[in-house]
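Student: My questions will all concern the structure given below.
Read-outs throughout are calculated quantities, based only on the coordinates presented, and are distinct from any laboratory measurement. Treat the numbers as computed from the prediction; the structure is a model and nothing was measured. Every residue, glycine as well, gets a Cβ built from its backbone with ideal geometry; the counts of neighbours run over all protein chains shown.
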Amino acid sequence: MAEVMAGGMREGEKDPGLYDFRPYRDRPPIAWPEGKRVAVWVSPNLEYYELDPPASPHRKSWPMPHPDVVGYSHRDYANRVGHWRMAEVMTKHGFPGSVSLSVALCQHVPEVVADANARGWEFFSHGIYNTRYSYGMDEAQERRIIEDSIRTVREATGQTIRGWLAPALTHTPRTLDLIADYGLSYTCDLYHDDQPAPVHTKSGKLISMPYSLEVNDHYGFFIYNMSPRDYADTLIRQYERLAEEGGTVMCIPLHSYLIGQPHRIGAFEAVLRHIAADGRAWITRSGDIADHFLNGGGYDAVAADAARHRGEGV
């Protein structure tokens with residue numbers, strides 16, 4: 001077997017150790033405020049894509065040769081139309097946003113950022129542009145991106161970012177250590193669990209915040225080719241199962257150039273109406289979930305459970 005796999009996977013290679021292994025059954029319960037069963041947060045990705053970005057040797061920014069007018073203008077629908085339609089429906093049903101922000105949007109379309117801020121939405125960084133990738137960055141470059149994100153969002157909104165979702169989901173081996181070093185408290189870049197958990201970093205205290213690819217509207221419409229009705233049904237089934245299990249987190253990641261289209265927004269509004277009326281959901285923001293988990297005993301309970309599975313102190 002080792003010879004067969006020599007050119008690909010390395011048999012017996014040590015687990016990278018980003019987080020502890022904890023079987024889902026028999027975990028200590030996580031209690032949400034007021035006895036709620038599931039923490040629900042909505043993550044609008046407020047993004048900015050460049051029409052003709054610098055070429056990356058690691059990944060093409062657009063499927064067509066630059067300038068990709070079609071791809072650029074489709075995504076820019078978000079900032080011209082989609083955001084406003086999506087935001088109004090969220091506000092109507094009492095759902096605050098936790099914004100995955102392309103920080104350059106603060107300069108390019110500040111009206112969108114100002115509107116989200118006025119609604120009481122939280123901001124975390126999704127890099128500077130969604131057409132610039134972390135692949136190949138050295139540590140100094142990556143630090144400048146983090147510092148720029150902190151400074152720009154603070155100047156535009158008065159908020160200090162506490163979370164991170166890597167631009168276009170691209171990373172370096174040091175990304176998690178760096179955001180922890182700058183005092184951020186959560187990352188949305190790990191998709192391994194339906195509950196928050198500590199992340200192993202060289203310094204600081206970082207947790208993984210359950211985000212989602214499976215119920216992300218990008219995956220729903222672009223990858224799984226769902227109809228609006230199918231996507232809405234998927235969200236409701238996701239919610240019902242997580243609420244039944246309890247102590248869980250449901251994230252609904254959105255892109256308003258997709259969910260904010262006229263033919264999709266009605267089905268999405270029906271999902272919000274369903275969750276808001278159910279009574280089992282703590283409808284909140286990602287930072288509030290992080291605060292509750294870090295300061296309400298959840299972090300320590302999970303750390304102790306992980307130690308138990310490692311055979312420490314048992």
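Student: Summing Lys, Arg as +1 and Asp, Glu as -1, what charge do residues with Cβ under 11 Å from the Cβ of Glu269 carry, Glu269 excluded?
Tutor: Computed value for this residue: +3.
Student: Also: Could you work out how far the C-alpha centroid of segment 279-305 sits from that of segment 41-105, in angstrom?
Tutor: Answer, in whole Å: 29.
Student: A further question on this structure: 7 Å from Cα along Cα→Cβ at both Tyr224 and Arg27: what's the point-to-point distance in nm?
Tutor: 2.0 nm
Student: I want the local charge near Tyr24. Using Cβ-Cβ distances under 12 Å, sum +1 for each Lys or Arg and -1 for each Asp or Glu among the other residues.
Tutor: Local charge sum for Tyr24: -2.
Student: With label points built 7 Å along Cα→Cβ from the Cα atoms of Lys14 and Ala307, find their separation and express it in nm.
Tutor: Distance between label points: 2.1 nm.
Student: A further question on this structure: DSSP H helices in the chain with Cα extent of 15 Å or more along the helix axis and mean Kyte-Doolittle hydropathy at least -0.5?
Tutor: 262-278
Student: Give me the number: length gained by fully extending Asp193 to Asn295, i.e. 0.36 nm times residue separation minus the C-alpha to C-alpha distance, one decimal in nm.
Tutor: Using 0.36 nm per residue and subtracting the Cα-Cα distance, I get 34.7 nm.
Student: Principal axis lengths of segment 69-219 from Cα atoms, whole Å, largest first?
Tutor: Principal-axis extents of the Cα atoms in segment 69-219, largest first: 42, 33, 32 Å.
Student: In nm, give the distance between the simple-model label positions of Val70 and Glu139, each being 7 Å from the Cα along the Cα-to-Cβ direction.
Tutor: Result: 4.4 nm between the two label points.
Student: So between Glu111 and Arg237, what do we pick up on full extension, going 0.36 nm a residue minus the alpha carbon distance?
Tutor: Fully extending the segment from Glu111 to Arg237 adds 41.9 nm.
Student: Give me Rg over Rh for segment 174-314, both radii from the alpha carbons and Rh done the Kirkwood way, two decimal places.
Tutor: For segment 174-314, the value is 1.02.
Student: Another question about this same structure. Need one number: convex hull volume per residue for the chain, Cα atoms only, in Å³.
Tutor: 161 Å³
Student: Which net charge results for the neighbourhood of Val302, defined as the other residues with beta-carbon distances under 9 angstrom from its beta-carbon, given Lys and Arg at +1 and Asp and Glu at -1?
Tutor: Cβ neighbours under 9 Å give a net charge of -1.
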